[in-house]
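Chemist: My questions all concern the structure below.
The values are calculated or read from the model by the stated rules, or taken from the named source; none is laboratory data. Predicted model only: the values in this text are computed from it and were never measured. Here the Cβ is made from the backbone with ideal geometry for all residues, glycine too, and neighbour counts use every protein chain on show.
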Amino acid sequence: MTKKSPKEKTATALVQEVPGRAPIGWAAVQEKLAQGSGLSLLLVDGYQPPALAVSNNNSICHAFQSSPDYVKLCDPYCGQAHAKAVNAGETINYKCHAGLTCVATPVEISGQPNLAVIGGRAFVTGADYRATVERFRAGDLQELLEKEPFQNVIFSDPARLEELSSRVTSAARKFSAEAGKPGRRGRAATGDLAPEPPTRRSASEPQAKPAAPAVGTLEMQREIEQLRGELEYRTQFNESLQNFLERISATDPQKTYTAILNNSKELLLAERASLFVYDTNANELFNKGASGLAVEAADIARIRVGEGIAGQVMETGQPLVVADIEKAGFRAADPERGYKTPSFISYPLLIGGRKIGVLNVADKVGGEPYDDVDRTLIDIIGPQIATALERAGWQERASEFQLMSVTDPLTGLLNRRYLEERLNEELNRSRRYNYSLSFLMIDIDDFKNYNDVNGHQAGDQALQITAHVLKAELRLEDVACRYGGEEFCILLPQTPINEAAAIAERIRGKIEEANYPYGKNQPLGLVTISIGISTLSKHVDTSVAVIEAADRALYKAKSKGKNRLESYQDTLGTSSTNTQLPDERQ
């Protein structure tokens, strides 16, 4: 099959509707029936497409039948439905190649014979829906995805389809009866017919009493009210499903996991839910969230694929809808877990056959067991949950990669690349709002000796201990980085020189007190650090200048015997601020 461009496909799209050939006024009646039932309805007088009137068409059907390349798949089904229904003289039922269940009912409208109404076009089982979804995602229908086939997917049950046929027959009969009355031709039999013009009466002529509504009119009004009630329910339900993916998607992966649990519980009337993600490398499921459980999510162990209920579901790719856990042959949960009912659903989340995770729900509100209706519902939302879950995984990995690119792998501190970008941001903010800003450059004294005498592993451990001390002594807004080798630096936003000196002295003292395995072998008898301090001033106002000033102050501290603080202003003998450093730094 030659793939055509979207422009070519649009130009050759098949006509779906020819309303000029439909009985006048019928389209409005059909539209109300379709809205009230939540099903598709098409009036046809032969091969379809085109139809004479189309109401609430299933978007999957529209994708097929508007495509010259794919419409032939529908020919043995909806294409021939008119001929089969008219020849049979009664409603026929069929399931098409896409797994959609349809009915075709022969009708006569306003004296126009040889018509039929195709209705339904709905999935009645989750298996049919899943099979069609897989064809679009990874099978023979991928080219049709650009036609947005899932915009208006319709679901139903056999009873509603059977009821639809009788409603269509009744509506056609009533419409024809109303349209045949004098002055009524072409008006829809929907209970809102236009009133007759009033007849002039003389002042002496007595007023006639209002006539009682006709029985047929009352029946139509009751049917309309019923349709309106069903329409309101279907509309709310469909909107809930259509917005489900939007509600469970967030830029923060953890919020996505929480939203999946909360919205799944609400839709499936569950008091408990848990969400597991598949780890491809370990072939295990690990928990990403739980709601309503008697244990913390962090205490839920990993599950080997193939083991336990969730592991079996992930391995087979088949959901479990269990009314009673013991009768189904599974071991019941321990009583301390506090489950209220023995019923649950464990559902595999898959995309194109790929394992994504497992969703579990239990303790249905009201104590009723889960059944095929719940299975159908979770079949509908399952692909959306899988999509959101995979997207959250991508976001987590992207965040991890981004963090890895700016993090020192040995110490866990941010690296020089991040420091330089952040320092520029903070300098701009400080200049704009006239904030103070200080900077510390830190070096482990005699680190080469520590490394050479005790070995590189001991040296790495010393760097990690130093990083731990730095992180423990900083405020939330401070930024600690490993600058390179044994050098560290700390960015102190909105911090004047005297506060920076106090922080630096506290860090220096904590390093002296820290337990380094080979500290006693150092020249000073313990591991120490020297610190150079710079601050934003008239002459030190760029990132390069701030770093160079702190580095020069650090060099001065080293030259004065190490294990001390020095500031850049002190090395110049002048200061751009009036604050004085503590005496121990002189």
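Chemist: So residue 3 clears everything in (1) in a loop (DSSP other than H, G, I, E, B); (2) modelled with pLDDT of 90 or more except one condition, right? Which one?
Modeler: Every listed condition holds for residue 3 apart from (2).
Chemist: Can you find a residue that is in contact with a Leu (Cβ under 6 Å, 6 or more places away or on another chain), modelled with pLDDT of 90 or more and part of a helix (DSSP H, G or I) anywhere in region 436-448?
Modeler: No: region 436-448 contains no residue that is in contact with a Leu (Cβ under 6 Å, 6 or more places away or on another chain), modelled with pLDDT of 90 or more and part of a helix (DSSP H, G or I).
Chemist: Follow-up. All but one of (1) closer than 13 Å to residue 486 by Cβ; (2) exposed (fewer than 13 other Cβ atoms within 10 Å of the Cβ) hold for residue 428; which doesn't?
Modeler: Going through the list (1) closer than 13 Å to residue 486 by Cβ; (2) exposed (fewer than 13 other Cβ atoms within 10 Å of the Cβ), residue 428 breaks only (1).
Chemist: Across region 112-149, what is the number of residues that are touching a Pro at 6+ places or on another chain (Cβ under 9 Å) and part of a loop (DSSP other than H, G, I, E, B)?
Modeler: Total meeting the criteria: 2.
Chemist: Looking at the structure I just gave you, is residue 265 surrounded by 14 or more Cβ atoms within 10 Å (Cβ to Cβ), over 17 Å from residue 351 (Cα atoms), touching a residue at least 40 places away in the same chain (Cβ under 8 Å) and touching a helix residue (DSSP H, G or I) at 6+ places or on another chain (Cβ under 6 Å)? Steps first, answer last, please.
Modeler: Working: surrounded by 14 or more Cβ atoms within 10 Å (Cβ to Cβ): yes; over 17 Å from residue 351 (Cα atoms): yes; touching a residue at least 40 places away in the same chain (Cβ under 8 Å): yes; touching a helix residue (DSSP H, G or I) at 6+ places or on another chain (Cβ under 6 Å): no.
When the stated conditions are applied, residue 265 does not pass them.
Chemist: Out of the residues in region 10-44 that are touching a helix residue (DSSP H, G or I) at 6+ places or on another chain (Cβ under 7 Å) and polar (S, T, N, Q), state the one that is surrounded by the fewest Cβ atoms within 10 Å (Cβ to Cβ).
Modeler: Applying the filter and picking the extreme gives 16.
Chemist: Okay, moving on. Go through region 450-474 and give me each residue that's surrounded by fewer than 17 Cβ atoms within 10 Å (Cβ to Cβ) and farther than 17 Å from residue 511 by Cα.
Modeler: 452, 453, 455, 456, 457, listed by residue number.
Chemist: If we scan region 403-411, do we find a residue that is modelled with pLDDT under 90, buried (at least 18 other Cβ atoms within 10 Å of the Cβ), more than 24 Å from the chain's Cα centre (by Cα) and not in a loop (DSSP other than H, G, I, E, B)? Talk me through it step by step, then tell me what you get.
Modeler: We begin by selecting, within region 403-411, every residue modelled with pLDDT under 90; these are 403-409.
Narrowing the set further to residues that are buried (at least 18 other Cβ atoms within 10 Å of the Cβ) leaves 407-408.
Checking the rest, the ones that are also more than 24 Å from the chain's Cα centre (by Cα) come to 407-408.
So of that shortlist, the ones also not in a loop (DSSP other than H, G, I, E, B) come out as 407.
For region 403-411, residues modelled with pLDDT under 90, buried (at least 18 other Cβ atoms within 10 Å of the Cβ), more than 24 Å from the chain's Cα centre (by Cα) and not in a loop (DSSP other than H, G, I, E, B): present.
Chemist: Then there is this: Could you grab me the full set of residues in region 343-368 that are in a loop (DSSP other than H, G, I, E, B) and either among the polar types (S, T, N, Q) or touching a Pro at 6+ places or on another chain (Cβ under 8 Å) (or both)? Let's see the steps before the verdict.
Modeler: Start the filter on region 343-368 by keeping residues that are in a loop (DSSP other than H, G, I, E, B), which leaves 343, 352-353, 365-368.
Matches in region 343-368: 343 only.
Chemist: Now for a separate question. Report every pair of residues separated by at least 6 positions or lying on different chains whose Cβ atoms are under 6 Å apart, first residue within region 161-190 and assigned by TED's automatic domain parsing to the domain that holds residue 107 and of a type in the set (Gly, Ala, Ser), second at pLDDT 90 or above and part of a loop (DSSP other than H, G, I, E, B).
Modeler: Filtered contacts from region 161-190: 165/91.
Chemist: Which residues, taken from region 475-488, are loosely packed, with under 13 Cβ neighbours inside 10 Å and acidic (Asp, Glu)?
Modeler: Within region 475-488, 477 is the sole residue that qualifies.
Chemist: Can I ask one more? Can you tell which of 88, 53, 83 is closer than 19 Å to residue 27 by Cα and surrounded by fewer than 24 Cβ atoms within 10 Å (Cβ to Cβ)?
Modeler: Details: 88 fails: closer than 19 Å to residue 27 by Cα; 83 fails: closer than 19 Å to residue 27 by Cα.
The match here is 53.
Chemist: Within region 150-179, track down each residue that is surrounded by 13 or more Cβ atoms within 10 Å (Cβ to Cβ) and not in a helix (DSSP H, G or I).
Modeler: Correct list: 150, 152, 153, 154, 155, 156, 157.
Chemist: Tell me, yes or no, whether region 454-465 has at least one residue that is part of a loop (DSSP other than H, G, I, E, B) and under 16 Å from residue 535 (Cα atoms). Give the steps one after another, and end with the answer.
Modeler: Restricting attention to region 454-465, the residues satisfying the condition of being part of a loop (DSSP other than H, G, I, E, B) are 455.
Those still in the list that are under 16 Å from residue 535 (Cα atoms) too: none.
Looking for residues that are part of a loop (DSSP other than H, G, I, E, B) and under 16 Å from residue 535 (Cα atoms), one finds none in region 454-465, hence no.
Chemist: Follow-up. Determine which single condition residue 99 fails, assuming it passes every other condition in (1) at pLDDT 90 or above; (2) part of a strand (DSSP E or B).
Modeler: (2)
Chemist: Inspect all residues belonging to region 543-558 and state whether any of them is buried (at least 24 other Cβ atoms within 10 Å of the Cβ), under 48 Å from the mean Cα position of the chain (by Cα) and in a helix (DSSP H, G or I). I'd like the intermediate steps shown before the answer.
Modeler: Step one: list which residues in region 543-558 are buried (at least 24 other Cβ atoms within 10 Å of the Cβ), which gives 546, 549-550, 553-554, 557.
So of that shortlist, the ones also under 48 Å from the mean Cα position of the chain (by Cα) come out as 546, 550.
Still in the list and also in a helix (DSSP H, G or I): 546, 550.
Among the residues of region 543-558, at least one is buried (at least 24 other Cβ atoms within 10 Å of the Cβ), under 48 Å from the mean Cα position of the chain (by Cα) and in a helix (DSSP H, G or I), which makes the answer yes.
Chemist: Within region 25-35, does at least one residue satisfy the condition of being at pLDDT 90 or above, part of a strand (DSSP E or B) and of a type outside the set (A, V, I, L, M)?
Modeler: No, region 25-35 has no match at all.
Chemist: May I pose another question? Filter the helices (runs of 4 or more DSSP H) completely within region 230-339 down to those with at least 1 residues that are at pLDDT below 95 and on the phi > 0 side of the Ramachandran plot.
Modeler: Numbers: elements: 244-247, 253-268, 308-316.
Hits in region 230-339: 308-316.
For every residue, the table says whether it meets (1) among the polar types (S, T, N, Q); (2) within 19 Å of residue 565 (Cβ to Cβ); (3) at pLDDT 95 or above; (4) not assigned by TED's automatic domain parsing to the domain that holds residue 421.
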residue	(1), (2), (3), (4)
458	no, no, no, no
477	no, no, no, no
482	no, no, no, no
486	no, yes, no, no
494	yes, no, no, no
520	no, no, no, no
525	no, no, no, no
541	no, no, no, no
544	no, no, no, no
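Chemist: Could you check how many residues of region 530-542 are in a loop (DSSP other than H, G, I, E, B) and among the hydrophobic types (A, V, I, L, M, F, W, C)? Even if it seems obvious, please write down each step before you answer.
Modeler: Looking only at region 530-542, we keep the residues that are in a loop (DSSP other than H, G, I, E, B), and these are 536-542.
After this cut, where a residue has to be among the hydrophobic types (A, V, I, L, M, F, W, C) as well, the list is 536, 540.
Counting residues in region 530-542 that are in a loop (DSSP other than H, G, I, E, B) and among the hydrophobic types (A, V, I, L, M, F, W, C) gives 2.
Chemist: Now for a different question. Within region 519-542, how many residues turn out to be more than 18 Å from residue 559 (Cα to Cα) and surrounded by 24 or more Cβ atoms within 10 Å (Cβ to Cβ)?
Modeler: Going through region 519-542, the residues more than 18 Å from residue 559 (Cα to Cα) turn out to be 519-521, 525-526, 535-542.
Applying the additional criterion that residues be surrounded by 24 or more Cβ atoms within 10 Å (Cβ to Cβ) yields 535-536.
Looking only at that region, the number is 2.
Chemist: For region 376-392, check the following and say yes or no: at least one residue is surrounded by fewer than 21 Cβ atoms within 10 Å (Cβ to Cβ), touching a residue at least 60 places away in the same chain (Cβ under 8 Å) and not assigned by TED's automatic domain parsing to the domain that holds residue 263.
Modeler: no
Chemist: Pick out the one residue from 47, 77 that is touching a residue at least 24 places away in the same chain (Cβ under 8 Å) and either part of a helix (DSSP H, G or I) or crowded, with 18+ Cβ neighbours inside 10 Å (or both). It would help to see each step written out before you state the result.
Modeler: Values: 47 fails: either part of a helix (DSSP H, G or I) or crowded, with 18+ Cβ neighbours inside 10 Å (or both).
The match here is 77.
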